[in-house]
1. Assuming A:Ala121 fulfils every condition listed in (1) outside any loop (DSSP other than H, G, I, E, B); (2) touching a helix residue (DSSP H, G or I) at 6+ places or on another chain (Cβ under 7 Å); (3) more than 10 Å from chain B (Cβ to nearest Cβ) apart from one, which condition is it?
2. Please go through the stretch A:138-149 and give me each residue that is surrounded by fewer than 17 Cβ atoms within 10 Å (Cβ to Cβ), part of a helix (DSSP H, G or I) and free of Cβ contacts under 8 Å to residues at least 60 places away in the same chain, ordered by number.
3. Could you give me the residue pairs with C-beta distances under 8 Å whose first residue belongs to the stretch A:1-29 and is within 17 Å of A:Val43 (Cα to Cα), whose second residue is among the β-branched types (Val, Ile, Thr) and surrounded by 19 or more Cβ atoms within 10 Å (Cβ to Cβ) wherever it lies, and which are 6+ apart or on separate chains?
4. Residues of the stretch A:103-118 being touching a helix residue (DSSP H, G or I) at 6+ places or on another chain (Cβ under 7 Å) and among the aliphatic types (A, V, I, L, M), which ones?
5. Could you list, in sequence order, all residues of the stretch B:1-19 that are exposed (fewer than 15 other Cβ atoms within 10 Å of the Cβ) and under 9 Å from the mean Cα position of the chain (by Cα)?
6. Do you know which of the residues in the stretch A:1-42 that are exposed (fewer than 15 other Cβ atoms within 10 Å of the Cβ) and within 12 Å of chain B (Cβ to nearest Cβ) is modelled with the lowest pLDDT?
7. Would a scan of the stretch A:84-102 turn up a residue that is among the charged types (D, E, K, R) and under 25 Å from B:Glu83 (Cβ atoms)?
Amino acid sequence: MGLFDMLSMSASALTAERQRAEVTSANLANAETTHTAAGGPYVRKEVVFSATGASPFRSVINQVGNFPQPVAGSVQLSQVVDDPTPPIQRYEPGSPDADENGMVNYPAINPINEMVDLMGASRSYQLNASAVSAAKQMIQESIDILKSS
Amino acid sequence: MSTFSSLQQLQGYLQVVTDRQQQITSNIANVDTPGYHGKDIDFQAEMRQVMSGDSSLQMQPASQEETGLIERPDGNDVDIDRESLILAQTQLQFQLGVQLVKSQFHTLLTAIKEE
């Protein structure tokens, strides 16, 4: 309850969308990576979002003051999962990562999918940024009541 | 109607608008959450409660799921256009309420100053 909760909810969404864009960028950057520390080619990552309750600060305040708990409304990145799609094999006998048949495993990453995902994250980020502006303006207006007219 | 009772009603109005704005912000935050269903606050019902002077349920706004929205394949039914529209609407409603509060205080000040 309150104008400042709106800011924390939008902030959680901004964080989640930024992390989504980061993971997508990592996928794009590693589209041709055949060698990783864990062995084998790079595995495409995907994010999972989930809805959560209010900010921890607000929850504790309401618990102490015996106020009702506010509506659940924030979002968080709950986990980053590996894409189970098998790697793409290309015939490159000269490569140090080639197997005995001369095949090299490449990550199954389609740049078009990643770009669309990146655009989606960017648009959602914009939308939440405008929600932040709206909340900021409302807070400013409330403060302006104090100004003598 | 005295200045103070209209101020109290205006406070209730601002509270309802803030609650609705918060619900819309939450919908916007969850625009990419699979399985999330958008919620909204029944503005008219809440305002009726405020005008009737019954403040017993003020702390807990009744948010309900929006109906008639098309669900995407991931089970999420938040409509971005609709949410941004309501965001702009509640913002202006809030501005109106604040201006009315200011004018009430201005009236009060005029009475005090005996001008």
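1. (3)
2. The first filter runs over the stretch A:138-149 and keeps only residues surrounded by fewer than 17 Cβ atoms within 10 Å (Cβ to Cβ), leaving A:139-140, A:142-149.
Applying the additional criterion that residues be part of a helix (DSSP H, G or I) yields A:139-140, A:142-144.
Passing the criteria: A:Gln140, A:Ile143, A:Asp144.
3. That search, which allows pairs on different chains as well, returns A:Arg20/A:Val47; A:Val23/A:Val47; A:Asn27/A:Ile109; A:Leu28/A:Ile109.
4. Restricting attention to the stretch A:103-118, the residues satisfying the condition of being touching a helix residue (DSSP H, G or I) at 6+ places or on another chain (Cβ under 7 Å) are A:109, A:111, A:114, A:117-118.
Selection gives A:Ile109, A:Leu118.
5. Once the filter is applied, which keeps residues that are exposed (fewer than 15 other Cβ atoms within 10 Å of the Cβ) and under 9 Å from the mean Cα position of the chain (by Cα), the stretch B:1-19 yields nothing.
6. A:Gly2
7. Kept after step one, since they are among the charged types (D, E, K, R), are these residues of the stretch A:84-102: A:90, A:92, A:97, A:99-100.
Still in the list and also under 25 Å from B:Glu83 (Cβ atoms): none.
No - not one qualifying residue is present in the stretch A:84-102.
This table checks each residue for (1) assigned to a loop (DSSP other than H, G, I, E, B); (2) out of contact with any Phe, Trp or Tyr (no Cβ under 9 Å at 6 or more places or on another chain); (3) within 30 Å of B:Asp79 (Cα to Cα).
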residue	(1), (2), (3)
A:Ser78	no, no, yes
A:Gln89	no, no, no
A:Gly94	yes, yes, no
A:Asn101	yes, no, no
A:Glu114	no, yes, yes
A:Tyr125	no, yes, yes
A:Ala129	no, yes, yes
A:Ser133	no, yes, yes
A:Lys136	no, yes, yes
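The values are calculated or read from the model by the stated rules, or taken from the named source; none is laboratory data. Source: prediction; values computed, not measured. Glycine gets a Cβ as well: all are built from the backbone with ideal geometry, and neighbour counts include every protein chain shown.
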